[in-house]
1. Mind counting the residues in the stretch 53-105 that are free of Cβ contacts under 8 Å to residues at least 24 places away in the same chain, touching a helix residue (DSSP H, G or I) at 6+ places or on another chain (Cβ under 8 Å) and not in a helix (DSSP H, G or I)?
2. What is the residue count in the stretch 516-555 for residues that are free of Cβ contacts under 8 Å to residues at least 24 places away in the same chain and either assigned to a helix (DSSP H, G or I) or in contact with a strand residue (DSSP E or B) (Cβ under 8 Å, 6 or more places away or on another chain) (or both)?
3. If you scan the stretch 106-124, which residues turn out to be under 31 Å from the mean Cα position of the chain (by Cα), part of a helix (DSSP H, G or I) and not aliphatic (A, V, I, L, M)?
4. Name every residue in the stretch 563-609 that is under 19 Å from residue 639 (Cβ atoms) and either among the hydrophobic types (A, V, I, L, M, F, W, C) or part of a helix (DSSP H, G or I) (or both), in order of residue number.
5. Could you check the stretch 626-641 and list, in sequence order, the residues that are part of a helix (DSSP H, G or I), farther than 24 Å from residue 528 by Cβ and of a type in the set (S, T, N, Q)?
6. Quick one: which residue in 84, 127, 152 is of a type outside the set (Gly, Ala, Ser), more than 23 Å from the chain's Cα centre (by Cα) and surrounded by 20 or more Cβ atoms within 10 Å (Cβ to Cβ)?
7. So which of 623, 644, 656 ends up being at pLDDT 95 or above, in contact with a Phe, Trp or Tyr (Cβ under 8 Å, 6 or more places away or on another chain) and in a helix (DSSP H, G or I)?
8. Is one or more of the residues making up the stretch 446-464 in contact with a Ser or Thr (Cβ under 8 Å, 6 or more places away or on another chain), surrounded by 18 or more Cβ atoms within 10 Å (Cβ to Cβ), of a type outside the set (Ser, Thr, Tyr) and more than 30 Å from residue 101 (Cα to Cα)?
Amino acid sequence: MNVNSLKSVVPALMLAAGLLSAVSPAEDVSGPKSAPKKPIIMDLSAIDTTADPCTDFYKYACGNWLKNNPIPSDQVRWGRFNELSEYNNYLLYSELKAAADAPKTTLQKKYGDYFAACMNADLANKLGAKPIEPVLKTIAEWNDRKKLATLLGTTEDKYGVDYFFGFGSGQDQKDSTKQIGELDQAGLGLPDRDYYLNSDERSRKLREQYVAHVTKMFVLLGDTPEQAAKEAQSVLAIETALAEASMSRVDRRTPANVYHIKTIAEAQALTPDFDWKVYLAAKKQGSLTTVNVIAPEFFKALNHQIDTADVNALKSYLRWHTVHRFAPNLSDPYVEENFNFYAATLAGQKEQTPRWKRCTAATDRALGEAVGQDWVAKNFPPAAKDNMEKLVTALEKALAEDIRQLDWMSEETKVEAQKKLDAFRRNIGYPEKWRDYSSVTIKREDPIGNVQQVAAFNDRRDLAKIGKPVDEKEWGMTPPTVNAYYRPSMNDINFPAGILQPPFYDFKIDPAVNFGGIGVVIGHEMTHGFDDQGSQFDPQGNVRMWWTADDRKKFEERTDCEVKEYSGFEVAPGQNLNGKLTLGENTADNGGLRIAYKALMDSLAEQNASTTEKIDGYTPAQRFFLSFGQVWCQNQTEQSARLRAKTDPHSSGEWRANGSVQNFDEFGKAFGCKVGQPMMPANACRVW
């Protein structure tokens, strides 16, 4: 995963993906009935030996797994990542439950109370919408569009609700040691701008269903059906206007498109009807003199809405985004209606996720580096971290050799590429310094207040970075997270402890399997430093073209090959991947596979180990590719596949596996494929 320094507000997408879906009425809050099965690495039973690996490697590696692992009713997709996430969540739940029942430390008391408050369904139902009445009252009393800046600054700071746009800190593209203020587009209730703009029948129907959902939420707040329907149409009109001026996800991948440093006076000229000095003062940023306006055209459109939209329509928009923000934490009617649209309609989820899972994930998101300290102590031994350091070193060596051997890149650019690789920072397992949550007040009887407290803490902590030196050791994911990431502005690779387990990693198993699992993950993150986006950043994390013009042209010719290739991969009937949106991840998948394979072969050579001796009937090369392929075993709903094709920069599991191996001739050699077969085409794409 390539994590940009740029921030985006995507609660709707998280909901649609099932990441924030809430609990069902009358749900059992006692917790899991039993522990989930711990995932294994290199699952021989998953292999479908009736399939031809040269025709469809994904089906060969995952065929039996796909048959035997239907999507659980509380999920929208189910894969090996989900297996490990479920297992980690169970371990985390055990820690949270123990802390809620009998905390042993001040930190455990804090996250135990947060978890206990979230789990208290009876309290949520008793309170209803009462916890959000203060902010709704503030909105109801607002009637002067000239004072919108005051309203937004107050509600964001006090209640943890963002409206219309995002404001936070980020690294300066031209000087990565500096942290600056950034203003960005936001304010949509649907997952992406295209949901408002596309004219096909499916998109029109989803907009109708969205309006119906917003209407129902207004009715729950006490409005008449007629008034609620009118308000919902106002919300759609305002959001559509914002969507029309929003930058596409593809365009945002180009650093120059999202960098517009302006004085506060220049920002004010974009939005003459919104007082930035008043807003910034309310956010304790009154001394700010310049800001990066990431999407200037969006702010022009926002000003038009502020200037021309009926005040009551603006109030409807604000009320909607308030209830939308807190719906998963309110009483059953809000929870159920929120689930019905964002999880069931948009993503095809059949049942709401059990409360213990949702509250475990919510507590991890809210207080992740508090919870993570205890989780790591029990689940990530020092030996695992030490071995991971060795694997990263091996992958760096392999990538350096890969760069030296490229026949399309000049020596001049190779020198610069090596400088960037040499400057990679690595973070493994967990932070060196844990975050301090002492200023966060958590109350066992105030679930919404806790959400607001954490939101305010995170907002103030983020804004306090502006003008301060960059913290190179800060993490962007919590320790139990099953993921990894690269940050171009930091030029660092990051591997949370959560992913350093089977099916990705087991330091006790043979190297072929580990290199095919976590090795490819490491190579993937390294390659992000040299994908279409990361390659525009220099070793210090600054946007600077360190390529020769000729080499850059050759690079873009190769990435264009991947764009065309992946745009031809279908994920649902009539729905293909967006090769431009997924380009960075596809490049990283392809490069990571090559680099990890080279690192494996180098490792075997250093140890004088056999490259032909079989284990369980497979050579080291075959075990490498099988381990890689099985990481991507995955079933998903059609709705989820369509949603992700529009919003997710990652390809689906099938094409992350098949797309990568068909571009790597060593795979064909390992399985005896012939040139011209699907997994060994005559004309393959290669960047790294």
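The values are calculated or read from the model by the stated rules, or taken from the named source; none is laboratory data. Worth saying up front: this structure is predicted, and the values here are computed from it rather than measured. Cβ placement follows ideal geometry from the backbone for every residue including glycine, while neighbour counts extend to all protein chains displayed.
1. 1
2. Counting residues in the stretch 516-555 that are free of Cβ contacts under 8 Å to residues at least 24 places away in the same chain and either assigned to a helix (DSSP H, G or I) or in contact with a strand residue (DSSP E or B) (Cβ under 8 Å, 6 or more places away or on another chain) (or both) gives 5.
3. Matches in the stretch 106-124: 106, 108, 109, 110, 111, 112, 113, 114, 115, 118.
4. Hits for the stretch 563-609 are 569, 571, 572, 577, 581.
5. 639, 640
6. The match here is 152.
7. Only one candidate qualifies: 656.
8. Yes, there is a match, as at least one residue in the stretch 446-464 is in contact with a Ser or Thr (Cβ under 8 Å, 6 or more places away or on another chain), surrounded by 18 or more Cβ atoms within 10 Å (Cβ to Cβ), of a type outside the set (Ser, Thr, Tyr) and more than 30 Å from residue 101 (Cα to Cα).
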